[in-house]
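Each remark here refers to the structure printed beneath this line.
The values are calculated or read from the model by the stated rules, or taken from the named source; none is laboratory data. For clarity, every value in this text was computed on a predicted model and none was experimentally measured. Using ideal geometry, Cβ is built from the backbone for each residue, glycine included, and neighbour counts are taken over all protein chains shown. Side chains are part of the model used for accessible areas, which takes the heavy atoms of the whole protein and leaves out ligands, DNA and RNA. Shrake-Rupley method; radii C 1.70, N 1.55, O 1.52, S 1.80 Å.
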Amino acid sequence: MFLRFPIIMRCLVILLVVDALAITITFFIPEHFFLKAYLSERAEQSIQRFFKEESAVLPDELLGWKTKPNINKDYWKIASDGSRDSGQTEWEKTEVSKRVLFLGNSLINGGEGVTNRETISASLEEIAKKSNQPIATKNFATMAYGLDQSVLQYREQLHSTQAQWIVVGLNEDVNSALTNQFLPFRIPDEDSLPFLKPQFYFANAKYDLAENPANISRLKTVLQDSNQAKNLLQSISEQDAYYSRFKSFSHFNWMPLSRGISTLARKTETLKSYFFEQEKNYVLAQSILNHMNDLAQERNAKVIFVYLPSKQGYARSGVWNYLPDYYAQRLAWLQNSGVTILDGREMLKKSNGSIEPSDLYIEDALHFTAEANKKFAEILWMTIKQ
């Protein structure tokens, strides 16, 4: 009977049966056995280099990682304290009018697309100098940091800097980092950063904040020790919102049909968030913003949060013109926390002439050019100089 069906139909039935069999088998295999397959060979090498302190970041038990000090390579120059300084003004100088601390990720420290003199912090120093009101800046923004890491960095490591102002950069999708502990689950293609990060959560019904530290040493032998891998996955499975991606990989990545359906389902879920996202999803972010604001006030400092758009969020071209303006909606929800959050999109649009998005973003459509950093610095100066 089966042989009477057209050959295409027979092949499809065979493919479905084999696919179903492969999926069934995976449910009898412990999930931690799939971790090494999920991570690339380069990721394993990155972990080894990381713990040997051979990469651009160093292990940190609380924060997960921190910028390696004393680096001088091409555009990337890091001072002895781990900050990306302009080298123009000493922090300790008594004649400076203000000291400004910068926190966030590579959108704030400039990444490798600009020099130390072209970062937002250095541009702010230059503008203040031309106004005869010299200031000093320290840029401790660290690649791939989330808001939670920036807050803990200030609270535990940078609180004694005596900064009067603190500028904190916010990603367009703030929640992505806040709901994630193991970076490869959220950014699978970024295999140079197979790291663990801390994570805030609500300790009780009163919305009191607590945190899980990174405990980065757990990662050291995770790809060699199956028990360590099992313990790691068990400890983060309930807290990490991106654990489902690894779970999906474990069961549906081995045959083309199931892999295709899984990919389509994930893309559909992402698209759905643009239409059905709600402010209640941002309650944790709002609490963390207020926590940072309170920490600064305790030290007689003021905080400015800057909500930074991607090129897509800034230009809204093509199909994005027909989708909800998720950038504006998320910004409004974050501003409902009551803290000062500047609109990065409006900061970039405030110019004397028409500027193309290509002049504001480097090739990755995420990091900013030197010209964009100057624009951010100009608006920041208008707030800080008052």
* **the stretch 64-223: C-alpha gyration tensor shape, a/c 1.5 cut-off, then a/b vs b/c** => prolate
* Accessible area (Å², 1.4 Å probe, nearest 10) - Asp189 -> 140 Å²
* May I ask which residue of Gly338, Val319, Ala296 lies farthest towards the positive end of the charge dipole of the stretch 281-346, with charges of +1 (Lys, Arg) and -1 (Asp, Glu) on Cβ and the Cα centre as origin? => Val319
* Calculate, for the stretch 28-141, the solvent-accessible area per residue in square angstrom, rolling a 1.4 angstrom probe over the heavy atoms of the protein chains. => 48 Å²
* **Options (1) 185; (2) 143; (3) 176 - which one matches volume of the Cα convex hull per residue in Å³ as calculated here** => (3)
* Structure fact -> Contact order relative to length for the chain, counting C-alpha pairs under 8 Å separated by 6 or more residues, stands in percent at 19 percent
* **Exceeding the 29 Å Cα-Cα cut-off - candidates Lys93/Lys302; Lys130/Lys349; Lys98/Lys349; Lys98/Lys206; Lys138/Lys349** => Lys98/Lys206
* Structure fact -> For the chain, the longest principal axis of the Cα atoms and the Cα long axis of helix 326-335 enclose an angle in degrees, to the nearest 10, of 60 degrees
* **Overall Cα dimensions of the stretch 208-255 - principal axes, largest extent first, Å** => 43, 28, 12
* Structure fact -> With Cα coordinates, the longest principal axis of the chain makes an angle with the long axis of helix 256-276, in degrees rounded to 10, of 40 degrees
* **Accessible area of Asp19 in the full protein assembly, 1.4 Å probe (Å², nearest 10)** => 10 Å²
* Asked: If one takes the longest principal axis of the Cα atoms in the chain, at what angle in degrees, from 0 to 90 and to the nearest 10, does the Cα axis of helix 41-51 lie?
  -> 40 degrees
* Asked: Which is farthest toward the positive dipole end of the chain among Ser40, Gln329, Val18, measuring Cα position about the Cα centre, with Cβ charges +1 (Lys, Arg) and -1 (Asp, Glu)?
  -> Val18
* Structure fact -> Once the dipole of the chain is set up from charges on Cβ (+1 Lys and Arg, -1 Asp and Glu), the residue from the list Phe182, Gln162, Ser250 lying farthest towards its positive end is Ser250
* Structure fact -> In debye to the nearest 20, the charge dipole size for the stretch 21-62, taken about the Cα centre with +1 at each Lys and Arg Cβ and -1 at each Asp and Glu Cβ, equals 200 debye
* **Nonlocal amide H pairs with Tyr361, under 5 Å, H built at 1.01 Å** => Thr369
* Structure fact -> Protection proxy (average C-beta count within 10 Å per residue), highest first, orders 109-121, 50-62 as 109-121, 50-62
* Structure fact -> With all protein chains in place and a 1.4 Å probe, Tyr154 shows an accessible area in Å² (nearest 10) of 10 Å²
* **For Val306, residues with placed amide H under 5 Å, excluding near neighbours** => Val168, Gly169, Leu170, Leu342
* Structure fact -> About its Cα centre, the chain carries a charge dipole, from +1 on Lys and Arg Cβ atoms and -1 on Asp and Glu Cβ atoms, whose size in debye to the nearest 20 is 440 debye
* Taking the Cα centre of the stretch 301-386 as origin, sum charge times position over the Cβ atoms of Lys and Arg (+1) and Asp and Glu (-1), and report the length of that vector in debye to the nearest 20. => 320 debye
